[in-house]
Every structure is written in structure tokens, then in C-alpha cells.
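Report on one structure; see the data block that follows.
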Amino acid sequence: MKKLISTTVILLFLFLLISTGCNQTQKTDTVKEPSKMDWWSEARYGMFIHWGLYSVLAGEWDGEIRYAEWIRSSAKIPVEVYDTLVRHFNPVEFNASEWVRMAKDAGMKYIVITSKHHDGFCLFDSEYTDFDIMSTPFKRDILAELSQACREQGIVLCFYHSIMDWHHPDYLPRRNWETDRSVNGADFDRYVAYMKNQLKELTTKYGAIGVLWFDGEWESTWTHERGVDLYNYVTSLQPGIIVNNRVDTGRGGMAGMTMSSEYVGDYGTPEQEVPATGFPGTCWESCITLNNNWGYVKNDDNWKSPKTVIRMLTDIASKGGNLLLNIGPKPDGSFPEESIKILEETGSWMKKNGSSIYGTGASPFANIKWGRCTSKEEGNNTVLYLHVFEWPADGDLVLSGITNKIKGAYLLDGGKKLRVIKKGPDIHIALPTVCPDELSTVVVLKIAGKPQVFEAPVIANSQVLFIDTASVNLVSFPDALEVHYTLDGTDPSAVSPVFSKQVKIAATSEFSAAFFMGGERVGAITKMRFTKVDPLPAIEPGSTSPGLRFAYFKGKYDSIPEMSGMKPLMKGVTDRVSVVKDSDAEYFAQSLSGYVLLPEDGVYKFTLVSDDGSKLYIDGRLITDNDGMHSSVAKSNDVALAKGYHNIVLEYVQGSGSKELNLFIKGPRGDLDINTLIFH
Ligand code: GLC
């Protein structure tokens, strides 16, 4: 009886869904219902193209090269001045077949091109505006040519269409600096009617369109109701069309996923990031630039390497998502040479290894140290694609926790058969000693049935530092499993102590734990080092007042400057941790300094969020380095601190674009509000 119960529990625990259909939430043994998302999930990889009038400027205005597709807004170019760019858009090198061929050879299955970006300029022949390609010297409908080339070459054409429009007189709001651009007579409903007319053109003149990729939904005039209406409108024009979640107002920041089910949109759109985990049952696509910018910028040479691209695509596929990789064509209609090279190199990897990406489902393993896994059903069997990022020096590739019968293993490229042996809970695959493909080598492992995987125990502690004692906790696990652990870094065995509820430690320990059944280890070993530390002592600052001192320095920095010898343009006291200068300011640095008053001895987690760079010092030590020019990035660090005052210095640098500086603090008893703890 006991055995029967444990087997049932374990099977419930282990049974894993393998399905490429992200819209499918449940494992079923019945045939999967077809869905409009099928081709898209199968595709896994698409090309984003940002191209328009801004490409003519190549990022430069007033002698400064620091803009991209936002140039009209960021460089504050008056609409009538920007409009004149129409006369200069003449992409004589544009060749739709070449573009589509490059996408196809790179292994991409769909193209999403900006039919209209935020500047309002249309790459197609629209009856409803003159601010379109037909007013340029080029006078050729880019989208018509692309749709024909896509049809010929079997690539799905999709349109990015901005809701925000900086050109149309009826669009509101104006840019906040456009004080002399009148809003009199502007009618947002009329703007929406205009946008719908254009979407009708886009969905009726260019054949079947794969995706409508909306953007610019964050402006105050766009509402949930308008989003639902637009979703219904475009899906009534082409029922099979897929619509991203930026059609509605439910996107949660750059992380891109929809916050709750009341919002419409067929998939989430993480921007410039790969989520830490997948979202089973939810479709998503990370859109990522090949260098730093979406639109063409002549001096942007920060190209991702082919290896980075392949591993990013693999990482995304292993989490059940798609990658939309951006190209910013030049004003003459050609792709930047470096983009072409990267597309070619990654394309040749895709030719050999594409089957490990297309139509695959997410990894059945929570975590694999040496790489990633994608999976595919094959009749009653499962194919696991093991993407080896870190080649084992001794050629012994270890995969832990899989209990299925192994049917065989081979290298995907070339088919070389590999010896597989099972040793307890681990599978050992004998690899050639030299890594065959530095980009990523794929090992195919065939197993019988659906993957049944024992994971390693999951440690619930969020802190690895402690002052006096710590208790190690595990995330709950089925009763049928037993956990044995050690504290000295050795692998736990059936005779190691049994974990029940928690383990108390009073010295630095290397905690290692694994699941066991019937005296045998099942699954991988979890390891974590817990370090005992002395808290930094408090200081006695004398009398203090609330708030931090700030100093503001004007200048064009691309990282945090050495502020100590510099003369600030402005000084004062601020009552909160934030960017002190008003919302229009660009190109500056600032420092905040003073004390933070902590309520008790303990390990404090500081989370520093900034766009662009920042650094946090406590008691003269660099705690968090979040420097550099980047969009919003959060970094967390733990510090053991004694009760009382500690020195705090926060440095910040801003280039152009959005600004953000935030500091969150979590103490031994939970979240604290930093702004109530700062003094000078
Ligand atoms: C941002 C930008 C835009 C770009 C888009 C791509 O929202 O506003 O310029 O087109 O991201 O995801």
C-alpha cells in the first residue's frame, strides 16, 4: 500500500508537460486543439526591423550622435522640421527579396517591420496620410514589396504599428516640450479612426499578416477600453491575426508580461530582457536589439556576438518563448555590414541545429548547470536537445534526475553516436573531448515516454549571510521523498542526516541536500554556502536631520565620474532617494550622501534600481555596482550591519532618455522604507 501511494504521489510530482503550444495550460493525452498561435510557437525566431525617417539621421542631431528612433522626441525636433526628412528618404539599395532572404538564411521564420513608428511616418502607401513613403523620392510601397518577397520565400510578414503618433494633429498628448504645437481642435477619437483605417489597409492590402505588434500604449490617452476595441477590430479584419499585449494597457513594464487576465493581447513582450523563467501556459516573445539601438545609429558598434545570439535564442526557447531580434537598416536600404555578418554566422548554426529550436517545448529541468534543454514529442518518445554551453573538460556530461528509459544519444550536427550510462540518478553522456561548436553544441537524447524528472531540493532561504545562527529551509516536497543533507560540502548519502522542517547552523556551512527514495538518491544535489559574518559596526554621527545631501554635476558621462574633485552645479538636501533634477534634464551625474539608520543588527538586502548607472556605498565600501548606460536595471546585494547609523553614498549618472533611481531595503523583519531612514 505504502509503495502504491508513493508511486502515485511521485508521478503527480514528476509528470511534465511538453508542448510547444504556449497557449495550452494543461497536459492532455488527447490531440491538441489547433490554435492561431501554433505557427508562431513553432517558429521561435523572428526578425524585427526598425526603419523609417529617423534612419536618415542615423542618430545624429545638432552635431551629437546620441539618438535613434526617438530622435524627434529626444532632440526636440519641431514637427515641421522633422517632416522635411521625407524629402531625404531615398533607399535606393532597398531590395525586399534580399532582406527576406537574409532573414530566412538566418533561420528566422517571420519578420515584424515598422509600418509606422512613433514619429508617425508610414512605410506603406496610405490613402489616409501624405506622411508616407509615396511622398518620398523613393515612391515605392515598401510593405507591398516585402509582402510579395515574404510570400515567395515562405516567411510570415508582420507589422509593428505604433499607437503613439508624434505627427498626426489629432493625436494627444503632445510631447511635453511642444508647447507651441496647438492642441486646439485635436480629437483623439478621430485619431483612433485614422489608425483603424490604416490598420484596415494593412490587413487588406498585403495578404495574410501574421502579427500586429502594437507599441506606445503607455500614453495617458490610451485606455483598456480602447485596447479591447482595437483588438476586436483587427481580429475581425483577419481572424487568424495574432496581436501582442501592447494593444492594451496591461503590460507590466519592460518585463513585458500582462498583469492580469482582464487585459487583451495574445502574448507578452519582454523588451531587452530574457525572463529568468518561462511562463507555462502563456505565450511570450523577447524583443532584443543586435547592438544598442532599434533604429540605425551610425556609431553604435556594440554588436552582440553570434555566440551571444545563439545562446540567447536557446535560453529563450528552453523557457518556452520566442526571440524577435532587431535589425536597424541604413537609410540607403541596406543592412549594416556587421548585422549581415552576425545573421550569416548564426544562420549557419541554425541550418545544422535548427531542429533543436523550432517547434520545441520548454525544458523539463528547472536548472542545468552546463547549459539548456529544449524538448519535443516524437510519437511515444521524447527528444531532449541538450545545449552544451560549458563543455566538460573530461568529456563527461552529467544530467541528473531523469528516470526514463534512455533510447540513445548523438550529436545533432553530424550524428555521431554517444555512449550513455546510467549511474543511480545520473546519466553520463560521453562527449568528444574537444568541443565541436563553440557557439553551442547540441546533444540529442532520446527517452521513452514523457520526461519524468526528479528535481533537486529547492532552498527557500533568500539570504546566504548570517550573523549568529541561521536556519536552512527547503521549499515543501512530497512526503514520499526523503531529504538527506551534509554541511561540509560532501555529497549526501542515505546515511547522512535526514532533513526535517529545518536545519539550524551556527558556523559557515556548505549545505548539500538531495532527495532519496528507498535508500537511493534520486535527482541532482542542491548546494549552497551559508556564511557567518560580523556586522559592520554602527557609527555615531552626532546630531542629524532627515534627508540626504545631494550634489548635481552637469556633463556628458558614459559612466559615473569621480565626483570628489568636481564642483557641483547645484547642492542641497533631498528627502528621498531619487533623481533630483527635473524630468527634462539630460547628461548629468548626482550624488546623495548621509546616513541610513537601521533598527536592529541583521543582514539587509539593498536593491538598487537605476536607468542609467548607479553605485551604492555603505560605510565606504562599494556594495552595488549598477554603473553604465542602460535601461532600468535592478541589482541586489546583502550586507550585515549593526543597529544604528551607517554612512551611505549613492551615485547616479544620466545620459539621455528615461531616468530612474530607487533604493529598496529589506531587513531581517521584512521591507523597510528607505526614505524614513535617511539622515544627514
Ligand atoms: C520601445 C521604444 C521603441 C521600440 C520598442 C521595441 O517601446 O519606444 O522605440 O520600437 O521599444 O520594443
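What to note about this one:
- Whichever residue in segment 58-93 is within 14 Å of the ligand (Cβ to nearest atom) and in a helix (DSSP H, G or I) and, among such residues, is most open to solvent (accessible area, probe 1.4 Å): 74
- Any chance residue 561 is loosely packed, with under 14 Cβ neighbours inside 10 Å and on the phi < 0 side of the Ramachandran plot: no
- For segment 194-220, filtered to residues that are within 16 Å of the ligand (Cβ to nearest atom) and open to solvent by less than 40 Å² (accessible area, probe 1.4 Å), the residue that is farthest from residue 158 (Cα to Cα) is 219.
- Residues (modelled with pLDDT under 95 and over 20 Å from residue 411 (Cα atoms)) located in segment 424-449: 424, 425
- Annotation: residue 108 fulfils all but one of (1) in a loop (DSSP other than H, G, I, E, B); (2) within 16 Å of the ligand (Cβ to nearest atom); the unmet one is (2).
- Scanning segment 413-427 for residues that are open to solvent by 30 Å² or more (accessible area, probe 1.4 Å) and touching a strand residue (DSSP E or B) at 6+ places or on another chain (Cβ under 8 Å) returns 413, 416, 417, 419, 420, 421, 422, 424.
- Criterion (in contact with a helix residue (DSSP H, G or I) (Cβ under 9 Å, 6 or more places away or on another chain), within 21 Å of residue 675 (Cβ to Cβ) and assigned to a strand (DSSP E or B)) met by exactly one of 596, 609: 596
- Taking segment 280-315 as the range and being touching a residue at least 60 places away in the same chain (Cβ under 8 Å), more than 30 Å from residue 61 (Cα to Cα) and more than 14 Å from the ligand (Cβ to nearest atom) as the test, the residues that pass are 280, 281, 282, 283, 306, 307, 310, 311, 313, 314.
- Test: residue in segment 330-345 that is over 30 Å from residue 295 (Cβ atoms), assigned to a loop (DSSP other than H, G, I, E, B) and among the basic types (Lys, Arg): no
- Qualifying residue in segment 670-679 (condition: assigned to a strand (DSSP E or B), open to solvent by 30 Å² or more (accessible area, probe 1.4 Å), within 21 Å of residue 539 (Cα to Cα) and in contact with a strand residue (DSSP E or B) (Cβ under 7 Å, 6 or more places away or on another chain)): yes
- Output for segment 206-240, where each listed residue is within 24 Å of the chain's Cα centre (by Cα) and β-branched (Val, Ile, Thr): 211
- Which numbered condition residue 422 misses (of (1) touching a residue at least 24 places away in the same chain (Cβ under 8 Å); (2) in a strand (DSSP E or B)): (1)
- Considered as a group, the residues in segment 43-57 that are among the hydroxyl-bearing types (Ser, Thr, Tyr) and part of a helix (DSSP H, G or I) include one that is surrounded by the most Cβ atoms within 10 Å (Cβ to Cβ), and that residue is 54.
- When segment 272-313 is filtered for residues that are open to solvent by less than 40 Å² (accessible area, probe 1.4 Å), over 19 Å from residue 103 (Cβ atoms) and under 13 Å from the mean Cα position of the chain (by Cα), the ones remaining, listed by number, are 275, 278, 284.
The values are calculated or read from the model by the stated rules, or taken from the named source; none is laboratory data. It should be emphasised that the depicted structure is a prediction, and the values quoted were computed from it without experimental measurement. Reconstructed Cβ throughout: ideal geometry from the backbone, glycine too, with neighbour counts over all protein chains shown. Each accessible area value is taken on the protein alone, full model and side chains, heavy atoms only, with ligands, DNA and RNA left out. Shrake-Rupley method; radii C 1.70, N 1.55, O 1.52, S 1.80 Å.
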